[in-house]
Amino acid sequence: MTRLAESRRRSGATSTGKRVSALAIPAWLPLGGILLVSGAETVRVTGAHRELFFNIDHFWVLYMLLPFVIGIVVYGLVRRSRVWRLGKPIVSGQITRESLRSAFDDLPLRLGRLIKGGGGTERVLRDPYSGVMHLCIMSSMIVLFLVTALLAIDDYIPVDILVGPRYLGYSLVADIFGLVGIIGVGMAIAHRWVRPRTAWLPTWEDWLILGGLGALLITGFLVEGLRIHTSEIDVNPEWSYWSPVGYVVALMFSGVRVSAALDIHQVFWWIHMVGALSWITLLGYSKLNHLILAPANAFLKRTSAPGKLDMIPNIEEQEHFGVSQLEHFSMKQLFELDVCVRCGRCTDNCPADIAGQPLSPMHIIQDLKSYATAVGERKVANLVQGNDLNFGLDDEAPMVGSVVRDESLWACRTCGACVEACPVFIEHVPTIVDMRRSLVMEEARMPDTVQGTLETLERQGHPWRGTPYTRDSWMEGIEDRVPEWTGEQDYLYFVGCTGAFVDRAQEITRSVVSLLREADVSFGVIKGMESCNGDPARRLGHEYLYQILAEGLIELFNETGVNDEQKTVITHCPHCFNTFLNEYPDMGAKFQVIHHTQLLEQLVNQGRLVPSSEVPEQTITYHDSCYLGRHNDIFEAPRRILEQVPNVTLIEMPRNREQGLCCGAGGGNMWMEEQGKSRVNEVRVEEAVATGAEAACTACPFCIQMFDSGIGTVQLDVEDDDKLKVLDVAELLQAAAVSESD
Amino acid sequence: MDVIVCVKQIPDPETPAAAFKVDEAAMQVLPAQGISPVISPFDAQAVEAALRIKDASGDGTVNIISLGPDSARDAIKHSLAMGADEGYHLKDDAFDGGDAWTTALALSKAIQHIGVPDVLIFGRQAADWDQGTVGSIVAELLDLPSATVLRAVELSGDSITVSRVVADGFENVELPTPCVLTISNEFGDPRYPQLRQIMQAARKQVTELTASDLGLDASEVGAAGARVQMHALYQPTSDVEVEIIEGDTPEEKAAGLVNALREAKIL
């Protein structure tokens, strides 16, 4: 008992450590209830408290260690930041006012993301199992951290807070969250061990972080239980009920002599404390760093539309095109590599991976991360030693082509499912396209079909090599009903290449024209003179060709009076829509942009289109085009049109809206041969067929073609009449709202 | 090893039929709206072959000659972007209205003007008029051995081994240098220029040569010197009739098809 007597008596508290015994500021709500309950017991519990550093000598060692631990963490992060700083500042080659502004624009949005997405782990919670698991661990760590901090505060201030019922409530909350943490760690281990997802590669990091945390929580309870066993349960048993887990542990030790228990307590106390401090150092050296980096990345994420690709300014003066070396990435892109926690959500949602094709966004990020560790660190060392950046690195395997394989880069649909799914806000798509840019512009290394598409774009101003049609083929026979753009009308209907050169899409073009005429919309079409707005070239990595095409089209728009804030361009294709809306402002565009489904919905709401004719009774499932939906948030307009068509019942596929699966055509894959086990469009058609719907509606001419070709193989043996029909929303609306064929 | 490639700019062969128009009175092909003329695909393959010879030999130059209007410069620039060294543009109103003979004559003079290289390469034919004679005429005019319609070209010391595409297979031939080669589509795809090369090519000067620079009189070239006279140029119309052979089973349909073909005296 001497040691006991020697140990400092303090007001509140716990044995420190981890522990579990304490109450927490963040848990004020549950705590309120607990205080009420404990208040009822006030008479009996007055004076309840715990002794800080009970049974422990030389506790000051901890205080000595703490600055070291913080120093080790900071050193790890600062050291790693030298690799991030190999990258380019966000906008240009130097940190400028402009680059800082772009990193900190739209502060309310960024702070909102920081709070909801970072602190609130909004995206982690979407997956029920992982969400609960993560919430358990995170809440446990936060509460236990605050518990410990509160204890320290209580120790330093002259007033005793943690006494009596407050102490008991504190102890209960701490016990509960310790248990919650153990549950979370158990779920995480089970997730890796019992039912690992295919994309998962648990490594030493996983086991060290989880195993370490689990061990800390368990030793914490052991320390608590031993303290209760040796000092509390016999004296103030009613206090012990408020440390339920510690109480159970104490009972387990009930046969152990107090003197032995005190020795064991000391051993576990030191293991617990030193372990906790060691575990904290993982913050600077493992994916545990996501505690710090993930919220930071939520803040740093671009505020532009997710489907936007950034422009290469002054492209003719660049020393390199796209990214073939680490230092060609932006700082933000290099930073992101370290934010990745290998959760695999990106890959689980990637259409290419789902179809068994050679792309896993997680592996791209992870492989680049390993490369940044191996080669990036050597580049940093070269800089430090005053050598050329790439000194001694000639024999390293090339980053693009070896670390990240060409076929992975080409398999990307730029659909953004990975970006949408990433709980730590990594933007995979710009990183992938940056490397494509290097393949196309720097190395001219690409699949033959991509080369053919780019050549057709260069020569003919559209991507449809071998088309038998001209720009105006779709209006054959209805020329007089297609108003020519005069500059006087409100809307320019931009037909786009697919709407003009692909026969199936020409039908949709005619439907849109018919609807616009029915609703008496003031619109016109630039006959014969349209050219591609450059989207396919840009997605395929040919930024230079994109800029040439975009400059040409903007010039045409300037000459014809389209490029005016008062004018609105209706696009037929979501890809044109995205490019005009999000990317053309960089090229000097001033006009407004609307997708045909948005305008048609307005016209229906205004009563200018009345879907009154009865179309055959049918169940329809709506397929979200990535560039309309996920990239531009237009989920409801097309659905509301469908809902207003009589006899139509709308049902959803399991993957819909933000989680919609790409048709397989995005990112220029419309013009590529797919490699892999199956084709993305077949996977998607199977999902549509599984709903039992008679028709699939969409609002993108690429999706329509991909569905048509997918149905050809998925429903090979199905009678034609029973096959899934594929319609554009405009076609269905035309059937219901235009009385005579126009 | 030094190589010269002669290239021609033509209307894009990918031009959809609906956009292809001729002026029957003027006997000229009208340029299709919005579709740029391109280097003849066989000629791009010829440039590719030349670049591979240069790479294989380890030194030398690849120079490009094209005869044509202002826009033909783009075909030269494209070849330069692929990696060729210098470009020569035979540009003179006197060349207008020429035929294969006058073209070959002007090209052969230009080749002599630049200096006869180790290898002279052409596409097997220009993909617009498809005559396939210019390369052979130039070989005659320069009195050089030639091999036409090649699917493979390989350097073996100072000589060249080639594989010709012939009706019933391939014919492997060895030629001394200097010689004339014409490249067929079996050779394989030409390279896609790197952006940096496109930009460098854009800045490169192309040497322009007129008939008089080559010591040619206006009466020898162009319409005046042409040996082929065009009498008419028109787009043939073809009517297609489709008959669907009905039948309940594949066998019945096949029998119906055989009968129909017999009636049409095709079988």
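The values are calculated or read from the model by the stated rules, or taken from the named source; none is laboratory data. Note that the coordinates shown come from a computational prediction; the quantities given were computed from them, not determined experimentally. Here the Cβ is made from the backbone with ideal geometry for all residues, glycine too, and neighbour counts use every protein chain on show. Just so you know, the surface numbers come from the protein's heavy atoms only, side chains and all, with ligands and any DNA or RNA stripped out. Shrake-Rupley method; radii C 1.70, N 1.55, O 1.52, S 1.80 Å.
Here are some notes:
- Unique match (being under 26 Å from A:THR509 (Cα atoms) and either part of a strand (DSSP E or B) or open to solvent by 40 Å² or more (accessible area, probe 1.4 Å) (or both)) among A:LEU727, A:LEU716: A:LEU727
- B:PHE122 falls short on exactly one of the conditions (1) closer than 30 Å to B:GLN235 by Cβ; (2) in contact with a helix residue (DSSP H, G or I) (Cβ under 7 Å, 6 or more places away or on another chain); (3) surrounded by fewer than 18 Cβ atoms within 10 Å (Cβ to Cβ), and that condition is (3).
- Residue among A:PRO306, A:PRO295 that is in contact with a His (Cβ under 7 Å, 6 or more places away or on another chain) and either in contact (Cβ under 8 Å) with a residue 60 or more places away in the chain or farther than 23 Å from A:MET141 by Cα (or both): A:PRO306
- The residue list B:ILE39, B:ILE76, B:ILE65, B:ILE53 contains one member that is surrounded by 17 or more Cβ atoms within 10 Å (Cβ to Cβ) and without any contact (Cβ under 8 Å) to a residue 60 or more places away in the chain, which is B:ILE39.
- Flag if A:PHE702 is touching a strand residue (DSSP E or B) at 6+ places or on another chain (Cβ under 7 Å), outside the structural domain of A:VAL513 (by TED's automatic domain parsing) and either more than 25 Å from A:SER612 (Cα to Cα) or open to solvent by less than 40 Å² (accessible area, probe 1.4 Å) (or both): no
- Applying the criterion of being in contact with a helix residue (DSSP H, G or I) (Cβ under 6 Å, 6 or more places away or on another chain) and in a strand (DSSP E or B) to the residues of the stretch A:574-608, the residue that is farthest from A:ARG640 (Cα to Cα) is A:VAL593.
- First in the stretch A:470-489 and within 21 Å of A:PHE501 (Cβ to Cβ), second anywhere and hydroxyl-bearing (Ser, Thr, Tyr), Cβ under 8 Å, 6 or more apart: A:TRP474/A:THR509; A:TRP485/A:THR560
- Of residues in the stretch A:217-275 being closer than 14 Å to A:ASN55 by Cα and among the aromatic types (Phe, Trp, Tyr), the one least open to solvent (accessible area, probe 1.4 Å): A:TRP269
- Residue list for the stretch A:317-355, restricted to those being touching a residue at least 60 places away in the same chain (Cβ under 8 Å) and over 21 Å from the mean Cα position of the chain (by Cα): A:HIS320, A:PHE321, A:GLY322, A:VAL323, A:SER324, A:GLN325, A:LEU326, A:GLU327, A:HIS328
- Residues of the stretch B:1-53 that turn out to be in a strand (DSSP E or B) and more than 11 Å from every other protein chain (Cβ to nearest Cβ), as a count: 12
- Scanning the stretch B:1-36 for residues that are surrounded by fewer than 19 Cβ atoms within 10 Å (Cβ to Cβ) and among the hydroxyl-bearing types (Ser, Thr, Tyr) yields one hit, B:SER36.
- Test: residue in the stretch A:560-573 that is modelled with pLDDT of 95 or more, open to solvent by 30 Å² or more (accessible area, probe 1.4 Å) and assigned to a helix (DSSP H, G or I): no
- Some residue of the stretch A:720-740 being closer than 26 Å to A:ARG539 by Cβ, outside the structural domain of A:CYS497 (by TED's automatic domain parsing), touching a residue at least 60 places away in the same chain (Cβ under 8 Å) and under 27 Å from the mean Cα position of the chain (by Cα): no
- Those helices (runs of 4 or more DSSP H) lying entirely in the stretch B:184-267 with at least 1 residues open to solvent by less than 90 Å² (accessible area, probe 1.4 Å) and under 30 Å from B:ALA26 (Cβ atoms): B:222-225
- Residue pairs meeting the criteria (Cβ under 7 Å; at least 6 apart or on separate chains; first in the same structural domain as A:CYS626 (by TED's automatic domain parsing), in the stretch A:640-665; second crowded, with 22+ Cβ neighbours inside 10 Å and of a type in the set (Asp, Glu)): A:ARG640/A:GLU601; A:ILE641/A:GLU601; A:ASN656/A:ASP624; A:ARG657/A:ASP624; A:GLY660/A:ASP624
- Applying the set (1) touching a Lys or Arg at 6+ places or on another chain (Cβ under 8 Å); (2) within 19 Å of B:GLY135 (Cα to Cα); (3) not in a helix (DSSP H, G or I) to B:TYR88 leaves exactly one unmet item: (1).
- Just one residue in the set A:PRO616, A:PRO654 is in contact with an Asp or Glu (Cβ under 8 Å, 6 or more places away or on another chain) and farther than 30 Å from A:LEU457 by Cα; that residue is A:PRO654.
- Pick from the stretch A:653-697, criterion β-branched (Val, Ile, Thr) and out of contact with any Phe, Trp or Tyr (no Cβ under 7 Å at 6 or more places or on another chain), ranking: least open to solvent (accessible area, probe 1.4 Å): A:VAL680
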